[in-house]
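The values are calculated or read from the model by the stated rules, or taken from the named source; none is laboratory data. As the structure is a prediction and not an experimental result, all values here were calculated from the model. Here the Cβ is made from the backbone with ideal geometry for all residues, glycine too, and neighbour counts use every protein chain on show. Just so you know, the surface numbers come from the protein's heavy atoms only, side chains and all, with ligands and any DNA or RNA stripped out. Shrake-Rupley method; radii C 1.70, N 1.55, O 1.52, S 1.80 Å.
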Amino acid sequence: MTGIDALIGTIASVRIAGPGREFLIDDEPVDIFIDGGLISDIAPAGAIPPRGEVLDGNGAWVVPGLWDNHVHTVQWALATERVALGGAASAAEAAAIMSASAPLPDGRKVGSGFRDAMWPDAPTLDLLDRATGSTPTYLINADVHSTWLNSAALSLEGFTSSDGMLREQDAFEISRRLNAVDPERGDVAVRAAGERAASRGVTGLVDFDMAWNADAWPRRVAAGFASHRVEFAVYPFDLTRAIAAGLRTGELHEAPDAPEAGRGLVHVGPLKIISDGSLGTRTAACSHSYPGDPENFGVLTVPPAELTELLTVATGAGLAVAVHAIGDRAVTGALDAFTVSGAVGTIEHAQLVRHADLARFGRLGVIASVQPQHALDDRDLVGKHWAGQTSIGYPLGALRDAGVELRFGSDAPVAPLDPWQAIAAAVTRTDDDRDPWHPEERLTRDQSLQASVRTALRPGEIADIVLCGLDPLTASGADLRGMPVLATLVAGRITHGA
């Protein structure tokens with residue numbers, strides 16, 4: 001009888017549906033043998049006696065372990081404590097929801113997920129004050145690039161704003177403060193969130209929390225976290241500290257006394273740089289202005305010379321980079337900085353890309369770390385706020401055709417942390433009864449799976465494996481979104497199911 005944390009020696013009778021299918025013969029079931037956390041052999045089912053603890057796949061389909069390449073871990077984990085505002089259709093409705101909500105134990109009210117870019121009314125300080133009174137109240141935009149605070153919260157945090165809205169760096173500072181909960185409370189939330197991620201087949205994620213994660217993750221592992229792998233980022237405000245600590249991208253970063261189940265899970269990730277704003281906050285740096293606001297072309301939050309310098313310093317210190325660039329001006333600027341600095345890494349989001357920059361991505365070897373669900377969540381915003389843009393919106397197929405490596409993520413809590421949702425969004429380009437949005441940008445199921453994994457089901461590869469209840473290569477969009485995950489393994493250890 002297997003169970004969570006069981007170390008598997010043989011996965012019996014499964015069908016390979018992801019990278020590594022060359023081991024299939026006429027779709028016959030295979031047995032996968034695991035030794036030392038690695039796949040040691042793959043053979044036709046029953047051809048070789050099983051070894052060690054056996055997980056009977058009963059003909060399930062298997063894919064390599066899934067990754068979410070863009071997560072704000074603590075903010076995602078704490079989202080379950082916060083008032084959900086994604087359904088608010090107006091500022092008045094959002095304020096009313098907060099009025100009726102209960103404060104957190106610290107006396108503050110916190111809501112998240114509102115999308116004011118499509119509201120018929122504007123957020124105002126007076127509206128929120130009338131609804132929430134003297135209770136410090138914070139509303140976080142779904143894109144996290146703006147926050148709406150009442151007077152009590154503004155006073156408590158030491159900010160002023162005529163309409164209660166804080167944007168970009170000020171909004172990030174508010175989020176950092178709200179996320180800076182007691183480590184014990186935060187770690188419990190992260191552990192529970194990690195278990196939810198494992199239930200969707202997640203075996204690794206890239207953590208972009210705006211915090212010093214080099215201490216947080218070894219602490220969490222020491223306390224028993226073992227759900228998935230983590231690559232943690234550092235931000236420019238901690239770059240000097242990271243270099244002094246000798247952090248280098250890809251290196252193992254764990255406490256010497258890490259429990260056996262947590263060994264090998266935490267690695268140093270990239271330097272994360274936010275170079276422009278977002279579509280939802282109307283601050284993404286674009287070639288054309290936003291409708292009704294002819295002076296607003298978005299903002300480059302890091303000047304070009306500074307961006308190049310940051311990439312150069314990071315590269316010299318052995319750090320890869322992850323450059324947030326949403327608007328086409330920001331994407332061009334990021335590619336310029338990659339060109340001059342010789343940096344390696346990713347452009348995060350790449351939601352609006354000039355046609356001429358597609359080939360530059362490919363030539364430079366820059367990875368496009370994209371969130372396919374954003375295209376569907378934002379399609380109405382694009383129609384309203386980017387209607388005059390001439391660059392390609394939310395490209396997937398165009399980047400793939402240009403030879404660019406794609407990596408999928410969710411940007412959780414902006415979108416749910418569920419790789420199957422990202423895969424379905426890329427395959428179908430719709431999640432409602434409307435026709436696919438820009439169907440020319442769709443990817444195949446194979447391509448979408450490839451963008452969601454870091455390994456393949458082959459001997460010698462790490463045994464991060466997901467058992468699925470349906471064939472991902474034939475499942476409909478709806479079935480992909482609801483994909484039954486029967487079991488998830490990290491280095492042969494069961495983290496979910498069985």
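In the context of the full set of protein chains, the chain has a per residue accessible area of 37 Å² (1.4 Å probe).
Percent relative contact order of the stretch 131-180, based on C-alpha pairs within less than 8 angstrom and at least six residues apart? Show your work: numbers first, answer last.
Working: 62 pairs, mean separation 16.8, N = 50.
For the stretch 131-180, the relative contact order is 34 percent.
Dipole check for the chain: with +1 at the C-beta of Lys and Arg, -1 at the C-beta of Asp and Glu, and the Cα centre as origin, the magnitude is about 240 Debye.
Across all directions, the average flat footprint of the convex hull enclosing the Cα atoms of the stretch 384-437 is 5.0 nm². Remark: spin-label model distance Arg241-Arg434 equals 4.2 nm, labels positioned 7 Å along the Cα→Cβ axis.
Between Leu473 and Ala43, what's the calculated FRET efficiency when r is the beta-carbon distance and R0 is 22 Å? Round to 0.05.
Details: r = 22 Å, r/R0 = 0.99.
Once the sixth-power term is evaluated, E becomes 0.50.
How do Glu348, Glu295, Glu28 rank by accessible surface area computed with a 1.4 Å probe, from largest to smallest? Walk me through the numbers on the way to the answer.
Working: Glu348 5, Glu295 160, Glu28 65 Å².
Result of the area sort, largest leading: Glu295, Glu28, Glu348.
Relative contact order, whole percent, for the stretch 304-442 stands at 21, derived from Cα pairs under 8 Å and 6 or more residues apart. Starting from the stretch 169-269, pick out the trypsin sites (Lys or Arg not before Pro) whose DSSP state is loop and whose Cβ has at most 16 other Cβ atoms within 10 Å. Of the trypsin sites (Lys or Arg not before Pro), the ones in loops of the stretch 169-269 whose Cβ has at most 16 other Cβ atoms within 10 Å are Arg248, Arg263. Extension gain, Ser287 to Leu156, is 43.4 nm, computed as 0.36 nm per intervening residue step minus the present C-alpha separation. Protein heavy-atom surface of the stretch 124-204, 1.4 angstrom probe: 50% of the accessible area is carbon and sulfur, with nucleic acids and ligands not counted.
Mind checking the stretch 73-175 for trypsin sites (Lys or Arg not before Pro) that DSSP puts in a loop (not H, G, I, E or B) and that have at most 15 other Cβ atoms within 10 Å? Provide the component values of the computation, followed by the final result.
Numbers: sites: Arg82, Arg108, Lys109, Arg115, Arg130, Arg167; in loops: Arg82, Arg108, Arg115.
Of the trypsin sites (Lys or Arg not before Pro), the ones in loops of the stretch 73-175 whose Cβ has at most 15 other Cβ atoms within 10 Å are Arg108.
Counting only alpha carbon atoms, the long axis of helix 304-316 and the longest principal axis of the chain meet at about 30°. The Rg/Rh ratio of the stretch 210-285, with Rg taken over Cα atoms and Rh as the Kirkwood radius over Cα pairs, comes to 1.08. Kirkwood radius and radius of gyration were both taken over the C-alpha atoms of the chain, and their ratio Rg/Rh is 0.97.
Write down Rg/Rh for the stretch 386-498, rounded to two decimals, with Rg from the C-alpha atoms and Rh from the Kirkwood relation over Cα pairs.
Values: Rg = 15.6 Å, Rh = 15.6 Å.
Here the Rg-to-Rh quotient is 1.00.
Considering only Gly246, Ala198, Ala258, the residue lying farthest towards the positive end of the dipole of the stretch 183-324 is Ala198, judged by Cα position with unit charges set on Cβ.
Determine the share of the stretch 369-497's accessible area contributed by carbon and sulfur atoms, expressed in whole percent, with a 1.4 angstrom probe. Ligands and nucleic acids excluded, carbon and sulfur give 47 percent.
What is the dipole size for the stretch 1-145, taken about its Cα centre, with +1 at each Lys and Arg Cβ and -1 at each Asp and Glu Cβ, in debye to the nearest 20?
Numbers: 8 positive and 19 negative charges, 111 e Å.
Approximately 540 debye in magnitude.
Against the main long axis of the alpha-carbon atoms of the chain, helix 183-198 sits at an angle near 50°.
To the nearest ten degrees, helix 355-364 and the longest principal axis of the Cα atoms of the chain are 50 degrees apart. The label point for Ser199 and the one for Thr80, both projected 7 Å from the Cα toward the Cβ, are 0.8 nm apart. Modelled spin labels at Ala96 and Glu173, positioned 7 Å past Cα toward Cβ, are 3.4 nm from each other.
Each Cα pair under 8 Å and six or more residues apart adds its sequence gap; the mean of these over the residue count of the stretch 49-171 is a relative contact order of 19 percent. Taking a point 7 angstrom from the Cα of Asp121 along the C-beta vector, which residues in the stretch 89-107 have backbone N less than 14 Å away? Answer for the stretch 89-107: 89-99.
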